[in-house]
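This report refers to the structure that appears directly beneath it.
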Amino acid sequence: MSCWETIQAYGLRSLGIGERLLPREDYNLCQQFTLIGSGLIWNIYFGVLALAAGFFFANALALAKSTRSPWLRKPAEWFIFVFRGSPLFVQFFFGYFLFLSLKGVYPIFSPFTAAWLGALIVLFLNTSAYTAEIFYGALRSIPKGDVEAADAYGFSGYPRFRRIVWPTMLRLAWPAYTNEAIFLFHATTLVFFSGFPAWQQRGDALYYANFFADKTFNPFVPYPILAGYFITLTLIIVSIFGLFNRYLNRHLPQEARRKLKIRMNVIR
Amino acid sequence: MFEFCSNPDALSGLTWLSCYLTTTKHTALYVSFGTVLLLLAITAPVSLLFGFFGAAAARARFLPLRWFGKAYIALVRGIPDIALFLFFVIALDQAVEWTRHKILCPGWTEPIRQGNDFVVCAAAKMPLGTAPQWVHEAYGFSLAVFTFAIVFGAFAANVMFGAMRAVPRAQIETAEAYGMSHRQAFWRVMVPQMWVYALPGLSNLWMILIKATPLLFLLGVEDIVYWARELGGTKTSRFTSYPHGDWRMWYFLGLLVFYLMFTRVSEIFLERLMRRLSHGQATTGGESQRKAAA
């Protein structure tokens, strides 16, 4: 099989399109590159959707945590505490078995036991909690002068929040939020190692890398390939978020714009 | 365990539960909590050590050493940590066996990598095929510990590298003005002062380390995740005298609560430690303590 044929056969294997059987022998570099890259589709799927949905929920949570009313504040605080204080790995397991038990009672929950929905929900809740904490911190460090100036201009209530407080919050939170995004993409590799079954061997990048490492008993090829893919993905995320950062700070003179300084975070 | 547990079929309610939770299998679960604590107790100081030397290497004046330190720190950037874990466990195992093979079986001519196999002579197997079960487990565990230490050492090196740079330059200059050598200034002035700058990062790292412990499961150690899955699964009366349905959800809820309490307690403890360390330091924390006392 030429490399082009391999790509045709396995390029979309992780979605169930193409060759049904995974390669059995003479694993070559092309197969490893293709299958691991194919698995990356899942990582991107989980990452993008969880991040997009989590952004909105995190805003709501951060606002709820900074209100004075305990009816809103306490639930938000607890939510953030639970999801930030426990390992994502255990959350995945718990979520999976929770959905499994619910499925036994209400059949409507059966799609939740599949990774595409169940794991996505867990990731969504998890990233919401982490992002909410970042946004909450940013909300608390908005310069007093900005808000006072808004008051002086007659802003109040929702317009003040929409035009002054919220953009400043995003501006302050953006570097940390970029970090969180990178990190979320890395965390998506846990999905298929935590109970959620890879149905018909449709897994993510790490699933296939692990498959090859197990079959060839040689970790020195598939894992560096995986690492290469993830470094590329990280660079893409950084540049997309960098564009947003420029947009958020477009009112500042060129020199004063803060460069997006990425401080790498680690396991959650 | 208890005397009334001799006939489980006749039990109900709390007594049943108390018997159920004290079976030998459950003891293994409780022991595995100890495994987690043991892992933390070993990994934390070892990775701190790795981190310290990594950071010192990244600041070294000798160029190759500096490259090594920087490369070690950069190792963690951009790569999912789970991939690092999965990689290092196999890679370390193969490195050990390869080295032993080279030393113990010099007459061996066949290649070690034969297609999809990794073949070393019988004497180089680690642990030896004849070794008892506990040796296998201990070896697996120590590989896991070493892997954790390498990965977290890189994180810690990153934090400490920052902390060493955060020590005010004037402090080092003063040390030099007093005639201290580079080495003396490093050990007597920089190292004692860097901790207060490193602590926020290190306490963050400690939290992350706690939350990384369930990954032991992926490294093939029988840890709490393993036992929660084992014990929670549906049990019929054919195999156990305590049959029950699928309780894995509750077991993992238990783990979740365990980790929440653990991180919360650590948080409170680290806050106290930070307050103590800030005492008398030239930072805003130390300054506000001084003002509060005055």
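The values are calculated or read from the model by the stated rules, or taken from the named source; none is laboratory data. What you are looking at is a predicted structure, and each value in this text was computed from that prediction instead of being measured. A quick note on method: Cβ atoms are made from the backbone with ideal geometry, for glycine too, and the neighbour counts reach across all protein chains shown.
Of the residues that sit in the range A:14-69 and are among the basic types (Lys, Arg) and surrounded by fewer than 19 Cβ atoms within 10 Å (Cβ to Cβ), which one is farthest from residue B:114 (Cα to Cα)?
Here the residue is A:68.
Within the range B:277-293, is there a residue that is under 30 Å from residue A:98 (Cβ atoms), surrounded by fewer than 18 Cβ atoms within 10 Å (Cβ to Cβ), touching a residue at least 12 places away in the same chain (Cβ under 8 Å) and not aliphatic (A, V, I, L, M)?
no
Conditions: (1) closer than 19 Å to residue A:220 by Cβ; (2) not in a helix (DSSP H, G or I). Residue B:90 meets all but one. Number of the miss?
(2)
Yes or no, residue by residue, for (1) among the β-branched types (Val, Ile, Thr); (2) closer than 20 Å to residue A:126 by Cα:
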position: A:168; (1), (2): yes, no
position: A:187; (1), (2): no, yes
position: A:199; (1), (2): no, no
position: A:203; (1), (2): no, no
position: A:220; (1), (2): no, no
position: A:234; (1), (2): yes, yes
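Checking residue B:241 against (1) more than 22 Å from the chain's Cα centre (by Cα); (2) part of a helix (DSSP H, G or I), which test does it fail?
(2)
Can you pull out every residue in the range A:198-214 that is away from chain B (no Cβ under 12 Å) and touching a Ser or Thr at 6+ places or on another chain (Cβ under 8 Å)?
Selection gives A:202, A:203.
If you check every pair at least six apart or on different chains, which have Cβ atoms under 9 Å apart with a residue in the range B:213-239 that is within 11 Å of another protein chain (Cβ to nearest Cβ) and closer than 20 Å to residue A:193 by Cβ first and a residue that is assigned to a helix (DSSP H, G or I) and modelled with pLDDT under 80 second?
B:215/B:81
For residue B:143, state whether it is facing chain A (nearest Cβ under 10 Å), in a helix (DSSP H, G or I), within 26 Å of the chain's Cα centre (by Cα) and buried (at least 19 other Cβ atoms within 10 Å of the Cβ). Give the steps one after another, and end with the answer.
Values: facing chain A (nearest Cβ under 10 Å): no; in a helix (DSSP H, G or I): yes; within 26 Å of the chain's Cα centre (by Cα): yes; buried (at least 19 other Cβ atoms within 10 Å of the Cβ): yes.
So residue B:143 fails the test.
Check A:176, A:150 and return the single one that is at pLDDT below 90 and surrounded by 18 or more Cβ atoms within 10 Å (Cβ to Cβ). Step through it out loud before you land on a result.
Values: A:150 fails: at pLDDT below 90.
A:176 is the lone residue from the list that is at pLDDT below 90 and surrounded by 18 or more Cβ atoms within 10 Å (Cβ to Cβ).
Please find, within the range A:217-228, the residue that is nearest to the other protein chains (Cβ to nearest Cβ) out of those that are surrounded by 19 or more Cβ atoms within 10 Å (Cβ to Cβ) and in contact (Cβ under 8 Å) with a residue 24 or more places away in the chain.
Filtering first and then ranking leaves A:226.
Considering only the range B:67-90, state which residues are small (Gly, Ala, Ser) and buried (at least 17 other Cβ atoms within 10 Å of the Cβ).
As a first pass, look at the range B:67-90 and keep what is small (Gly, Ala, Ser): B:69, B:71, B:74, B:78, B:83.
Once the filter is applied, which keeps residues that are small (Gly, Ala, Ser) and buried (at least 17 other Cβ atoms within 10 Å of the Cβ), the range B:67-90 yields B:69, B:78, B:83.
Which of the residues belonging to the range B:39-49 are touching a residue at least 12 places away in the same chain (Cβ under 8 Å) and either surrounded by fewer than 15 Cβ atoms within 10 Å (Cβ to Cβ) or under 19 Å from residue B:159 (Cβ atoms) (or both)?
We begin by selecting, within the range B:39-49, every residue touching a residue at least 12 places away in the same chain (Cβ under 8 Å); these are B:39-40, B:42-44, B:46-49.
Matches in the range B:39-49: B:40, B:43, B:44, B:46, B:47, B:48, B:49.
Output the number of the condition that residue B:177 fails; it satisfies all remaining conditions of (1) more than 25 Å from residue B:279 (Cβ to Cβ); (2) buried (at least 18 other Cβ atoms within 10 Å of the Cβ); (3) without any contact (Cβ under 8 Å) to a residue 24 or more places away in the chain; (4) hydrophobic (A, V, I, L, M, F, W, C).
Against the list (1) more than 25 Å from residue B:279 (Cβ to Cβ); (2) buried (at least 18 other Cβ atoms within 10 Å of the Cβ); (3) without any contact (Cβ under 8 Å) to a residue 24 or more places away in the chain; (4) hydrophobic (A, V, I, L, M, F, W, C), residue B:177 comes up short only on (2).
Pairs needed: first member in the range B:249-260, part of a helix (DSSP H, G or I); second member anywhere, at pLDDT below 90 and among the charged types (D, E, K, R); C-beta distance under 7 Å; at least 6 residues apart or different chains.
B:259/B:211
Go over the candidates A:117, A:98 one by one and state the one that is surrounded by fewer than 22 Cβ atoms within 10 Å (Cβ to Cβ) and within 11 Å of chain B (Cβ to nearest Cβ). So that I can check it myself, show each step before the final result.
Numbers: A:117 fails: within 11 Å of chain B (Cβ to nearest Cβ).
Of A:117, A:98, the one residue that is surrounded by fewer than 22 Cβ atoms within 10 Å (Cβ to Cβ) and within 11 Å of chain B (Cβ to nearest Cβ) is A:98.
Quick one: which residue in A:42, A:78, A:71 is under 27 Å from residue A:142 (Cβ atoms) and within 14 Å of chain B (Cβ to nearest Cβ)? Steps first, please.
Values: A:42 fails: under 27 Å from residue A:142 (Cβ atoms); A:71 fails: within 14 Å of chain B (Cβ to nearest Cβ).
The conditions single out A:78.
For residue B:267, are the conditions met, namely being part of a helix (DSSP H, G or I), surrounded by fewer than 12 Cβ atoms within 10 Å (Cβ to Cβ) and at pLDDT 85 or above? Before the answer, list the steps.
Numbers: part of a helix (DSSP H, G or I): yes; surrounded by fewer than 12 Cβ atoms within 10 Å (Cβ to Cβ): no; at pLDDT 85 or above: yes.
The answer is no for residue B:267.
When the range A:172-195 is examined, which residues are found to be within 13 Å of another protein chain (Cβ to nearest Cβ) and among the aromatic types (Phe, Trp, Tyr)?
Scanning the range A:172-195 gives A:183, A:185, A:192, A:193.
Are any of the residues in the range B:107-119 among the polar types (S, T, N, Q) and assigned to a helix (DSSP H, G or I)? Even if it seems obvious, please write down each step before you answer.
To start, the set of residues in the range B:107-119 that are among the polar types (S, T, N, Q) comprises B:109, B:114, B:116.
Then drop every residue that is not assigned to a helix (DSSP H, G or I), which leaves none.
Looking through the range B:107-119, none of the residues is among the polar types (S, T, N, Q) and assigned to a helix (DSSP H, G or I).
Determine if the range A:143-160 includes at least one residue that is among the hydroxyl-bearing types (Ser, Thr, Tyr) and within 14 Å of another protein chain (Cβ to nearest Cβ). Reasoning before the result, please.
First pass over the range A:143-160, keeping only residues among the hydroxyl-bearing types (Ser, Thr, Tyr): A:153, A:156, A:158.
Pick out the ones that are also within 14 Å of another protein chain (Cβ to nearest Cβ) and you get none.
No, the conditions are met nowhere in the range A:143-160.
Starting from residues that are part of a helix (DSSP H, G or I) and farther than 26 Å from residue B:36 by Cα, keep the ones in the range B:120-140 and report whichever is farthest from the other protein chains (Cβ to nearest Cβ). Outline the logic, then answer.
Taking the range B:120-140 and keeping what is part of a helix (DSSP H, G or I), we get B:122-124, B:133-140.
With farther than 26 Å from residue B:36 by Cα added as a condition, the list becomes B:122-124.
Numbers: B:122: 17, B:123: 20, B:124: 15 Å.
Result: B:123.
Checking the conditions here, which among A:235, A:243 is more than 14 Å from chain B (Cβ to nearest Cβ) and surrounded by fewer than 17 Cβ atoms within 10 Å (Cβ to Cβ)? Talk me through it step by step, then tell me what you get.
Working: A:235 fails: more than 14 Å from chain B (Cβ to nearest Cβ).
Matching residue, one of A:235, A:243: A:243.
State whether one or more residues within the range B:48-61 are within 14 Å of another protein chain (Cβ to nearest Cβ) and at pLDDT 80 or above.
First pass over the range B:48-61, keeping only residues within 14 Å of another protein chain (Cβ to nearest Cβ): B:51.
Restricting the remaining residues to those that are at pLDDT 80 or above gives B:51.
There is at least one residue in the range B:48-61 that is within 14 Å of another protein chain (Cβ to nearest Cβ) and at pLDDT 80 or above.
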